[in-house]
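J.: Pasting a structure below so you can have a look.
The values are calculated or read from the model by the stated rules, or taken from the named source; none is laboratory data. Worth saying up front: this structure is predicted, and the values here are computed from it rather than measured. Glycine also receives a Cβ, built like all others from the backbone with ideal geometry; neighbour counts cover every protein chain displayed.
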Amino acid sequence: MKAAKFLIPIGVIAIVGVLSSVFIVDEREKALVLQFGQIKSVKEDPGLAFKIPFIQDVVRYDDRTLSLDTDVVEVTPSDDRRLVVDAFARYRISDVVQFRQAVGVGGLRAAEDRLEGILNPTIRAVLGSDGVTSNTILSADRAELMARITTQARQRALPLGLEVIDVRLKQTNLPDQNLDATFARMRAEREREAADEIARGEEAAQRVRALADRTVVELTSEATREADIVRGQADAERNAIFADAFGADPEFFEFYRSLTAYERALQGTNSTMVMSPDSEFFNYLRSDQGLRSEEGESR
């Protein structure tokens, strides 16, 4: 019984020791075995691994591709048109030993702070270099600029044990204080273009109206000319008829013209005319003229 009392604690301690000496390395991570803060071994292959219990510790690091969203960076291209750039990077821990020595116990948080301190100046340097304008950043040359940023950031991140895989520019905008001025300039340009279009439309409308007015005048003049010609021909024909009639019987023609004059002059029920009694206008109203006419007819 006394032996069993000693064997049970010893067995428990042995089991705890064995369990403490065994750990599992996942395929998505790498592990460092530390002894009093010093690196004793690196476990990169997945599976079971061993360490000295109670003396050695295991620190695990993610072996997958990680992403980092940087803070908004304000850059000034060579055309002095300031832009606000929002970028992100994809990276991985390539050397866990160098990574541990560089960031210490800070881990990924400290590493990302230092990586962001590399990315932001690199973005400013590349986008603010000679020959890079705001139009270049917003054009298809943007891919070449991102490749330059990735190459420079990769070189500067190697001492941290990090491999920068890619750096991308998510958004490129104007600063808030410049947006109102930019929108006002764009609005002024659109209003100017609209005014030009309106002016061109008014000019075209005036040309159409002038052409229509000229066509109306030409058509009216042509119609008036043709009407005058027709009227002149009719008057000439009428005068020819009157001349023929007058030549056939001048006295009858004179009598007919007098009757027409009477009809036009003595209209209505209250017509008054003040003329000399011996006026030729009344020749055919006098009885003696009528008698002479009758005598002429009898002869």
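J.: If the Cβ limit is 9 Å and pairs must be 6+ apart or interchain, which residue in segment 236-248 that is under 15 Å from Thr260 (Cβ atoms) pairs with which residue that is among the hydroxyl-bearing types (Ser, Thr, Tyr)?
T.: Qualifying pairs under 9 Å: Ala245/Tyr256.
J.: Without any contact (Cβ under 8 Å) to a residue 40 or more places away in the chain and either among the β-branched types (Val, Ile, Thr) or farther than 30 Å from Ala102 by Cβ (or both): does that describe Gly201?
T.: Taking the combined requirement at face value, the residue satisfies it.
J.: Another question about this same structure. Applying the selection to segment 123-153, what residues are under 15 Å from Pro77 (Cβ atoms) and of a type in the set (S, T, N, Q)?
T.: Ser129, Thr133, Ser134, Asn135, Thr136, Ser139
J.: Kindly establish whether Glu189 is within 30 Å of Arg81 (Cβ to Cβ) and in a helix (DSSP H, G or I).
T.: yes
J.: Another question about this same structure. Suppose the filter is part of a helix (DSSP H, G or I), modelled with pLDDT of 85 or more and either outside the structural domain of Ala111 (by TED's automatic domain parsing) or more than 30 Å from Gly107 (Cβ to Cβ) (or both); does Ala199 pass it?
T.: Yes.
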